[in-house]
1. Please specify each residue of the range 102-120 satisfying the condition of being assigned to a helix (DSSP H, G or I), of a type in the set (Gly, Ala, Ser) and in contact with a helix residue (DSSP H, G or I) (Cβ under 7 Å, 6 or more places away or on another chain).
2. In the list Gly144, Gly128, Gly184, Gly149, which residue meets the criterion of being small (Gly, Ala, Ser) and assigned to a helix (DSSP H, G or I)?
3. Output the qualifying pairs, or none if there are none: Cβ atoms under 8 angstrom, residues six or more apart or on different chains, first residue in the range 75-102 and touching a residue at least 40 places away in the same chain (Cβ under 8 Å), second residue part of a loop (DSSP other than H, G, I, E, B) and loosely packed, with under 12 Cβ neighbours inside 10 Å.
4. What pairs come out if I take residues in the range 138-156 that are free of Cβ contacts under 8 Å to residues at least 24 places away in the same chain and more than 17 Å from Cys179 (Cβ to Cβ) and pair them with residues that are polar (S, T, N, Q) and outside any loop (DSSP other than H, G, I, E, B) whose C-beta lies under 8 Å away, six or more apart or interchain?
5. Report yes if Arg194 is surrounded by fewer than 20 Cβ atoms within 10 Å (Cβ to Cβ) and over 26 Å from Phe27 (Cα atoms), otherwise no.
6. Of the residues Gly152, Gly128, Gly123, which single one is in contact with a Gly (Cβ under 9 Å, 6 or more places away or on another chain), among the small types (Gly, Ala, Ser), at positive phi and crowded, with 20+ Cβ neighbours inside 10 Å?
7. Got a sec? Which of Phe71, Phe53 is surrounded by 12 or more Cβ atoms within 10 Å (Cβ to Cβ), in contact (Cβ under 8 Å) with a residue 60 or more places away in the chain and not in a helix (DSSP H, G or I)?
Amino acid sequence: MESSRRDELARRGREALAESVRVKERFAPAGVPLLVDMAEVVLDAFRRGGRLFLFGNGGSAADAQHVAAEFVNRFRRDRSPLPAIALTTDTSILTSIANDFRFADVFTRQLRALSARGDAALGISTSGTSPNVLGALKWARENGLHTLGWTGALQTDMDVYCDLTLHVPSEVTPRIQECHMVAGHILCELVEERLLEEGSIP
């Protein structure tokens, strides 16, 4: 690769990194206190013997699975597993619901089958407009689950269906996703540390 082309790519890479840092800096003042509140919701569900359900599409599906894995396995400390379920992983369930009903129902039907009042539902959508995420959050709220949402800067119906909504101050999908993953790690750390301090999990 010629040096001028390499220099241009390096410049773009530095700009993307700088933009990502700026978004996180703008996110921190309101976002971190909100994550503390979300951690309390998840803690309450776990203390009562309930579960955390996570769901989203594409990169947000990967984020849901990542966060669920941190809870079920471990985050920073060795401890007993915590009951978090990503509704994005079972291809037979997802494809059968999408085929027999609608793709918009793929998360709602799973919540109907698996959840109970007092559980927590975390929907992730960078746009805040994903029909299957919004539908699941709406059903969850109407049926006694605590509803949490992660999205971008725009106000959408996610704000209507969620008890707490975390907005990343950006409309650029990669920057929103990067901040969501930071938020996921913060949420895991807050919940894990608090439960260990209480002696609620060995």
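No lab work stands behind these numbers, since they all come straight from the coordinates. Given the structure is predicted, the values throughout are model-derived calculations rather than measurements. Every residue, glycine among them, receives a Cβ derived from its backbone with ideal geometry; neighbour counts consider all protein chains shown.
1. Ala104
2. Gly184
3. Arg79/Pro202; Ser80/Pro202
4. Arg141/Thr147
5. no
6. After applying the criteria, what remains is Gly128.
7. Answer to the check: Phe53.
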